[in-house]
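The values are calculated or read from the model by the stated rules, or taken from the named source; none is laboratory data. As the structure is a prediction and not an experimental result, all values here were calculated from the model. Note: ideal-geometry Cβ built from the backbone for every residue, glycine included; neighbour counts use all protein chains shown. Surface accessibility is based on the protein's heavy atoms, side chains included, excluding ligands, DNA and RNA. Shrake-Rupley method; radii C 1.70, N 1.55, O 1.52, S 1.80 Å.
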Amino acid sequence: MIVTIASGKGGTGKTTVTVNLAACAPGAGVQVFDCDVEEPNSHIFLKPENCSKEPISTMVPEVDMDKCTLCKACEKICQFSAITTIAKKVMTFPEMCHSCRGCEMVCPENAITASSRVLGDLIQGTNSAGIPLTWGELRVGEAMSPPLIEKVKARINPKAISFVDGPPGTSCPAVAALRHSDFALLVAEPTPFGLNDLALTVEALKKLDVPMAIVINRDDGKSRVIDDYAAREGIEILARLPFTREAAAVCSKGLLLVDEIPEMRLRFTELFSTLMEKADKGGERK
Amino acid sequence: MKELTIISGKGGTGKTSVTAAFAFLAANRVVVDADVDAANLFLTLPHTTIQKENFLGGRLAEIDPVICTECGECLERCQFDAISTDFIVDAIACEGCGVCVHYCPMDAITFEQQTCGERFLSTTPNGPMVHAKLGIAQENSGMLVSQLRQQAREIAKENDIPMIIVDGPPGIGCPVIASITNADGVLIVTEPSMSGMHDMERVKRLADQMRVPAFLCINKADLNQEKADLMKEFARENNIKFAGEIPFDREVTASMNAGKSLVEFSQGPASKAVQNVWKNVTSYINDTMNRLI
Amino acid sequence: MKIAVSSSGNTLESDIDPRFGRAMNFIIINTETMAFEIKENTQNLNLPQGAGIQAGKTVADLEVEAVITGNCGPKAFNVLEAAGVKVITGISGTVKDAVEKLNTGSLAYAGGPNVEGHWV
């Protein structure tokens, strides 16, 4: 079962919720996948050991100029201007390439072969509590994160309970993380920004047909904006986590709330079991 | 003309609140919301939208079921698993590469450019605001960001506006690269935590690669002063000009709830601090070389 | 010499368009006679990505010897370089002024791109 923790707005506490949920259920066989490959942070909290690292690359074309007849078939099929002929040469622009392999397929001389370009790293390790973490780390300066997110997700064992920490936003990277999830847990803060971005993510999830529930983070006990919205949309609120300076300080040190604050352990344990119940039902519905 | 982009790496560090304050403090500026897939700036700036335009992005394949003979050619060639076994294109998975279109023996696949969102031009008290709404699950956010900045530059040039302030997206990927390329300076708004530190380092490396001078502002600094001091040290060692720190202050959320910029709403400690950051940033950016004509 | 100047208009008095890839027009000029023609760049203006590459090809196909523009990114520069077209960047003002400066020898060819790519 795949549960993706998402938010729309950045910094609402996705990673905090992901790592603390995973850490409060030792023995449940939870695996964590950090798909916020632009700025992965889960490893800071889970502290995996003996990490293995492998470079992840994507296919880009390589042209054998001895075979090329300058027919321009590759240039015509490429929608991304990633391959072009100029002055009896074929130029490629690997950073523009979407790896569709059209040029390779269309070349009548078989002059194009698949080469590769490194997008970033895939890192895996297990922490002292036995929680396995897999994450991607996009190379700085690289624009394309979705292929790396897909590679991280490819490591998911669908039979285990997998928590996916998604990137913020609602465009390609966030959608790449949410696709094929069985359930989405939305972390929202009760502010106008939080509400606006939550609504965008809910729209995306409806499109993707993923069942969902909400956790309100930094609840001040006053603002009802998220409650009102959730009631209108018929989305259940599974938990409310208060804002405390103590909690903020624990997170800022890269520590787990469930280890440092007993009350938080109770709340997260409760959230974990409610979430599992809902996600099971959501999975059935699908 | 100078262009300042506010970024953070990590989300939710207060980028937009800082941008909204700057947009209020700058007497004559164009402000751009480049966080196109979760735009928030409009929520704190009173504005009137005077122009709306559709944003066209990449193309999308669509199979006409009447013509399709279900030969399977497209299915076999698609690298993105975007075509189902009953020959329907998954619009979200489709990358717009056109390989299926090229190889369909029946010419059953259309390939039209898609409307991916909307661009807006609005008026606000201190000058124009250029913003957008990217459609849900749409691509080409980087291209949309480039278009917004281009429009802002044209407006600034036509009206002799000396400053462009850009609210950037979180992360370090495509839309972030598009929002800082060729800017005169970036202000990194971070928070004093392990995550904030980790993400700031990555975003600083990106700014270095793009050769854009970086300034640093630490928000909610007093939540972990020790970490904040480490960040200042990092700034000193890595050629980042330190623009100041902002204390944690409930007035920030209160101003957001009131739909106002912090500096307009409050004269509390955070408001005073952000005014000081603005003073430093304007002096730093005026010291940078003019990058663009 | 036949050259291309990126321009936001269609006369010699028009301003130089600071953008190369997404320039409104290219003015193709014979620098000796000042005779010119207009090559529209509309097809590249609205391209989702690769406008610089395509614009580079457009002017290279017209067999110009040099390009005068405001900002030229790395991809467009590489295309122009591969086609043997020299590039002059960082120029503003009218097309005519720029050509006159070129004729008096007061413009220098760029050794590389003067801005970063736009990634789109």
Filter the stretch A:1-29 for residues that are open to solvent by 10 Å² or more (accessible area, probe 1.4 Å) and not in a loop (DSSP other than H, G, I, E, B); the one that is farthest from residue B:193 (Cα to Cα) is A:2
Checking B:164, B:188 in turn, the sole residue that is touching a residue at least 12 places away in the same chain (Cβ under 8 Å) and over 27 Å from residue A:249 (Cα atoms) turns out to be B:164
Taking the stretch B:114-150 and the residues there that are without any contact (Cβ under 8 Å) to a residue 60 or more places away in the chain and more than 9 Å from chain C (Cβ to nearest Cβ), the one that is farthest from residue B:47 (Cα to Cα) would be B:114
Of the conditions (1) in a loop (DSSP other than H, G, I, E, B); (2) surrounded by fewer than 20 Cβ atoms within 10 Å (Cβ to Cβ), the single one that residue C:28 does not satisfy is (1)
If we keep only residues of the stretch A:217-232 that are more than 14 Å from chain B (Cβ to nearest Cβ) and not hydrophobic (A, V, I, L, M, F, W, C), then the residue nearest to residue A:199 (Cα to Cα) is A:229
- request: Would you confirm whether any residue within the stretch C:33-42 is touching a residue at least 40 places away in the same chain (Cβ under 8 Å) and under 26 Å from residue B:147 (Cβ atoms)?
  value: no
Practice prompt. Test residue C:84 against the criterion of being within 13 Å of chain A (Cβ to nearest Cβ), more than 20 Å from residue C:11 (Cα to Cα) and open to solvent by 40 Å² or more (accessible area, probe 1.4 Å), and give yes or no.
Written response: yes
Taking the criterion of being over 16 Å from residue B:51 (Cβ atoms), aromatic (Phe, Trp, Tyr) and open to solvent by 40 Å² or more (accessible area, probe 1.4 Å), would at least one residue in the stretch B:96-103 satisfy it?
yes
If we scan the stretch B:192-209, do we find a residue that is assigned to a loop (DSSP other than H, G, I, E, B) and of a type in the set (S, T, N, Q)? yes
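Each row is one residue, and each column tells you yes or no for (1) more than 14 Å from chain A (Cβ to nearest Cβ); (2) in contact with a Lys or Arg (Cβ under 6 Å, 6 or more places away or on another chain); (3) open to solvent by less than 10 Å² (accessible area, probe 1.4 Å).
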position: B:4; (1), (2), (3): yes, no, yes
position: B:14; (1), (2), (3): no, no, no
position: B:17; (1), (2), (3): no, no, no
position: B:37; (1), (2), (3): no, no, no
position: B:43; (1), (2), (3): no, no, no
position: B:47; (1), (2), (3): yes, no, no
position: B:55; (1), (2), (3): no, yes, yes
position: B:61; (1), (2), (3): no, no, yes
Listed by first then second residue, the pairs whose first member lies in the stretch C:103-120 and is modelled with pLDDT under 85, whose partner is open to solvent by 50 Å² or more (accessible area, probe 1.4 Å), with beta carbons under 6 Å and at least 6 positions apart or on separate chains, are none
So, first residue closer than 13 Å to residue A:213 by Cα and modelled with pLDDT of 95 or more in the stretch A:267-286, second residue assigned to a helix (DSSP H, G or I) and open to solvent by less than 40 Å² (accessible area, probe 1.4 Å), Cβ within less than 6 Å, six or more apart or across chains; the pairs are A:272/A:21
Looking across the stretch B:182-191 at residues that are in a loop (DSSP other than H, G, I, E, B) and away from chain A (no Cβ under 11 Å), the single one that is surrounded by the most Cβ atoms within 10 Å (Cβ to Cβ) is B:183
Scanning the stretch A:72-116 for residues that are away from chain C (no Cβ under 14 Å) and open to solvent by 60 Å² or more (accessible area, probe 1.4 Å) gives A:101, A:108, A:109, A:110, A:113, A:116
Within the stretch C:96-120, restricting to residues that are touching a Phe, Trp or Tyr at 6+ places or on another chain (Cβ under 8 Å) and surrounded by 15 or more Cβ atoms within 10 Å (Cβ to Cβ), the one that is nearest to the other protein chains (Cβ to nearest Cβ) is C:113
Checking the structure you have, find out if any residue of the stretch A:48-66 is charged (D, E, K, R) and within 13 Å of chain B (Cβ to nearest Cβ).
no
Those residues of the stretch C:44-73 which are outside any loop (DSSP other than H, G, I, E, B), within 12 Å of chain A (Cβ to nearest Cβ) and either farther than 12 Å from residue C:3 by Cβ or modelled with pLDDT under 90 (or both) amount to C:44, C:51, C:52, C:53, C:54, C:55, C:56, C:57, C:58, C:60, C:61
Checked A:204, A:213 against criteria (among the hydrophobic types (A, V, I, L, M, F, W, C), touching a Leu at 6+ places or on another chain (Cβ under 6 Å) and either surrounded by 15 or more Cβ atoms within 10 Å (Cβ to Cβ) or more than 14 Å from chain B (Cβ to nearest Cβ) (or both)); the one match is A:213
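Condition check ((1) over 25 Å from residue B:196 (Cα atoms); (2) open to solvent by 80 Å² or more (accessible area, probe 1.4 Å)) across all residues:
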residue: A:225; (1), (2): yes, no
residue: A:232; (1), (2): yes, yes
residue: A:237; (1), (2): yes, no
residue: A:240; (1), (2): no, yes
residue: A:246; (1), (2): no, yes
residue: A:252; (1), (2): no, no
residue: A:264; (1), (2): no, no
residue: A:270; (1), (2): yes, yes
residue: A:282; (1), (2): yes, no
ask   = What do you reckon, is residue B:220 open to solvent by 30 Å² or more (accessible area, probe 1.4 Å) and at the interface with another protein chain (Cβ under 7 Å from one of its Cβ atoms)?
value = no
